[in-house]
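These notes concern the structure reproduced below.
Laboratory data are not the source of any read-out in this text; all were calculated from the coordinates shown. Note that this is a predicted model, so its numbers are computed, not measured. No Cβ is skipped: glycine too gets one built from the backbone with ideal geometry, and neighbour counts run over all protein chains shown.
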Amino acid sequence: MPRTSARRWLSSAAVAIVAASGLTVAAGLTVAAGSDKADARTLTLAPRVDTYVQADQPDTNLGSSIRWSVEGRPNVWRNALLRFDVATESPDESLHPQLVVTTQPATEKGTTAAATHNWGPVVAGDEFNYAGRANPAKWSVYDSPGHRGKGLRRPSQVNVDGSKLVINGTANGTTGGMSAKFAHRKYGRWETRMALPSGDNEYHGVAILWPDSGNWPCDGEIDYAENAGDRSVMRFFLHYSCKNQQTRASKAVDATAFHNYAVDWSPAGITGYIDGVQWFQDDNPAHQPPGSMHQTLQLDWFPDSTANGTGRMLVDWVRVYAPGE
C-alpha cells in the first residue's frame, strides 16, 4: 500500500476487488494510528466506489455502484475501483494501513420461482444496481402518450436510484414505462421483484410480456403481474386471439411490499408464480402467443371521477432464464 511520506500514511489508495458469482463483497481500510500504546487508536474508513465494468460489457462505463453483483451468472466477473482518502499523520514509519476485505454468500431477497423450481442461471435481465437513467443498452424508455391515450409517458419519470428502478406518476397523469431490448424470445422464464407503494388507485403497475411484432391483440399479451389500483390484490391476465379474449387469476397480496412475480412460458403452457408459489396456469394450446415476446415495465394511468393523485412503482430486478425442458 503506497505512502506519500513518513509522516503522512496515505493520501489516496485504490484497490480492485473482483466479485465472483454468488458472493457479495465488503471492504474497509483499517488504520492503526499513534506512535505508542498510550496513543494507539484504530480508524476504519468506508470506501468510495468510483466506476465499474463487467466482463460481458468491457467497453462500457456502467457508473458507480455500492454492490458488486454478477446477476447469478457463472463465469462472470466484475471489478470496481475503490478509493480511500486518509489524512492521518504519524512519525512512526513502521505503521501501515491495512486493507480488510470480507466476502460472504449472497442472500436472495424473498423466495423466488427460479430458486424454488431450479430454473438455473440467469441468462439476461437487469439488477438496477447503478444510478441515473435506465441502461440504454437494455431498455427503450417510453416517450409517448400514455396508456390508451391517457396522460403522458416521459423518460423523466423513469430513473434508477443505485439499487432499484423507480417510476413516478404525477397527479396530472405524467408517468413512465420501458421495454426490454434483451431476451426477445418465444418461450422462457421471466421473474421481476416489484413493489407498488401506497398511492392513487388510478395508477396501475404492471409487468408484461409484449409481442415483438407489436400486432396486438392478435399476437397476445401476458400480464404476469398487474395491480389494478387495489393494492391488496394482484392479477394475472393472458390475452389471446384477435378478439382479445382472456384467461385470468387474482390473489390477495400486499402489493405495497416487494414480492417476486414470475412466468414460465413453454410449449406445454403458461404458469404464473408469486414468491415461488403457483397461482396461474393455462395449458390450452389455442391460448399460446404465436411469436416471440419481450419484457415491459409500466406504471399506467387510468383516470376516473375521483381526485387525481400520485403513484409510484419500484422494481428491484428483472431476470430471464432459459426455457424448461
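Amide H contacts under 5 Å for residue 233: 253, 255, restricted to partners 5 or more places along the chain or on a different chain, H placed in the peptide plane at 1.01 Å from N. Centre-to-centre separation between the Cα atoms of segment 115-188 and those of segment 231-245: 20 Å.
Can you sort 236, 302 by how many other beta carbons sit within 10 Å, fewest first? Before the final figure, lay out the partial values.
Numbers: 236 26, 302 17.
Fewest-to-most ranking of 236, 302: 302, 236.
Seen through its C-alpha gyration tensor, with square-root eigenvalues sorted a ≥ b ≥ c, segment 111-234 comes out rounded because a/c lies under 1.5. Full extension of the segment from residue 201 to residue 109, taken as 0.36 nm per residue of separation minus the current Cα-Cα distance, would add 30.5 nm.
Once the mean 1/r over all distinct Cα pairs of segment 219-291 is inverted, what Kirkwood radius in angstroms do you read off?
Working: mean 1/r = 0.0791 Å⁻¹.
Result for segment 219-291, one decimal place: 12.6 Å.
Inter-label distance, residue 266 to residue 283: 1.2 nm, where each label sits 7 Å from its Cα along the C-beta direction.
In terms of distances greater than 26 angstrom between alpha carbons, the cross-link table entries 138/243; 138/186; 138/164; 138/251; 109/150 yield 138/243; 138/251; 109/150.
Dividing the convex hull volume of the alpha carbon atoms of segment 179-325 by its residue count, what do you get in Å³ per residue?
Dividing the Cα hull volume of segment 179-325 by its residue count gives 108 Å³.
Cβ-to-Cβ counts within 10 Å put 300, 219, 275 in ascending order as 275, 219, 300, the fewest first.
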